[in-house]
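Novice: Before I ask anything, let me first share the structure, which is written out below as structure tokens.
The values are calculated or read from the model by the stated rules, or taken from the named source; none is laboratory data. What you are looking at is a predicted structure, and each value in this text was computed from that prediction instead of being measured. Here the Cβ positions follow ideal geometry from the backbone for every residue, glycine too, while neighbour counts run over all protein chains shown. These accessible areas exclude ligands, DNA and RNA; they are computed on the full protein's heavy atoms, side chains included. Shrake-Rupley method; radii C 1.70, N 1.55, O 1.52, S 1.80 Å.
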Amino acid sequence: MNRLISLLLLLILAAPTAAAVKPSEVTFMGLELAKTDLNQIRKHLWRNGGFMQAPTTVRQINVDIFYPWSRMRDSYLLEFHYDPNGKFQWLKRVYRFSPHKQVLTHNSMDPITTKEVALTLEEQLGPPNRTIYRQWGGMPGYYAYEWKDDIMTIRVDRVDGDPTQPVFVLYRLNQFNYQYAEKGQQP
């Protein structure tokens with residue numbers, strides 16, 4: 001009996017596990033964020049449809065704000081930021097907080113929690129590098145989650161660290177490029 005149990009344990013431990021993707025290789029709606037730019041993001045969201053771009057960001061090259069209206073119905077806002085050359089710097093996805101709209105996405109009147117969002121990211125990225133217990137003003141606390149490598153940081157938290165605010169996911173490059181380069185020059 002002991003041999004059978006030890007054989008089963010060896011087989012379980014030796015079984016290939018799903019390789020976790022590094023945060024720098026993460027994709028968002030099919031776009032590899034660390035390698036994308038303003039034109040690719042706008043073209044991709046336009047072709048997929050279901051997103052309305054905020055009129056104030058149409059003529060800007062440093063920020064795009066999109067409001068999902070028929071795709072990603074669990075989200076309220078997608079905010080992309082770019083460097084002066086139009087390369088991706090960070091994305092903030094804010095989830096809806098209104099309980100009556102949660103029925104459309106996960107058949108529950110309860111607001112989306114950081115744990116729910118972290119579990120969906122954990123399927124792709126593996127366990128988080130850091131888990132932080134946050135509490136504010138004597139209110140019930142919650143956990144914030146963070147995945148990090150040398151290129152990108154992904155964070156699941158609540159807006160302003162307030163447990164009464166909606167959940168967001170922040171995909172952020174660790175190094176920012178603030179230099180503008182003319183065509184033909186390297187920054």
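Novice: Which listed residue (Trp69, Ala118, His81) has the Cα farthest towards the positive end of the charge dipole for the range 36-175, taking +1 on Lys and Arg C-beta and -1 on Asp and Glu C-beta about the Cα centre?
Specialist: Toward the positive end, the furthest listed residue is Trp69.
Novice: Here's something else I'd like to know. Treating cross-link reach as a plain straight distance, find the aspartates and glutamates whose alpha-carbon is under 13 Å from the alpha-carbon of Lys148, omitting any fewer than eight places away in the same chain.
Specialist: Within the straight-line cut-off, Lys148 pairs with Glu25, Glu122.
Novice: Accessible area per residue, 1.4 Å probe, Å², for the range 50-95: what's the number?
Specialist: Here the per-residue accessible area is 49 Å².
Novice: Of Phe88, Phe97, which has the most accessible area with a 1.4 Å probe, and how do the rest follow in descending order?
Specialist: Phe97, Phe88
Novice: Now, a different point. Rank Ile132, Tyr178, Thr164 by how far each Cα sits towards the positive end of the charge dipole of the range 90-182 (+1 on Lys, Arg Cβ; -1 on Asp, Glu Cβ) and give me just the farthest.
Specialist: Thr164
Novice: Over the alpha-carbon set of the range 110-170, divide Rg by the Kirkwood Rh and report the Rg/Rh ratio to two decimals.
Specialist: In the range 110-170, Rg relative to Rh is 0.97.
Novice: Here is a further query. I need the phi-derived Karplus couplings for the range 116-121: 6.51 cos²θ - 1.76 cosθ + 1.60, θ = phi - 60°, integer Hz, Gly and Pro marked x.
Specialist: Taking θ as phi minus 60°, the curve returns 4, 5, 5, 5, 5, 6 Hz for the range 116-121.
Novice: Taking all protein chains as present, what is the carbon and sulfur share of the accessible area of the range 26-173, in % to the nearest whole number, probe 1.4 Å? Don't jump to the answer; show the numbers that get you there.
Specialist: Numbers: 4170 of 8000 Å².
Heavy-atom surface of the range 26-173 belonging to carbon and sulfur, 1.4 Å probe: 52 percent.
Novice: Where a Cα-Cα gap under 25 Å defines reach, which lysines qualify for Lys43, not counting those fewer than 8 residues away within the same chain?
Specialist: Correct list for Lys43: Lys35, Lys87, Lys92, Lys183.
Novice: State, to one decimal in nm², a quarter of the convex hull surface area for the C-alpha atoms of the range 26-173, i.e. the direction-averaged projected area.
Specialist: The orientation-averaged projected area of the Cα hull of the range 26-173 comes to 9.4 nm².
Novice: First select every other residue whose beta carbon is under 10 angstrom from the beta carbon of Arg134; then total the charges, Lys and Arg +1, Asp and Glu -1.
Specialist: On the way: positive: Arg158; negative: Asp157, Asp162.
That sum, taken over residues with Cβ under 10 Å, equals -1.
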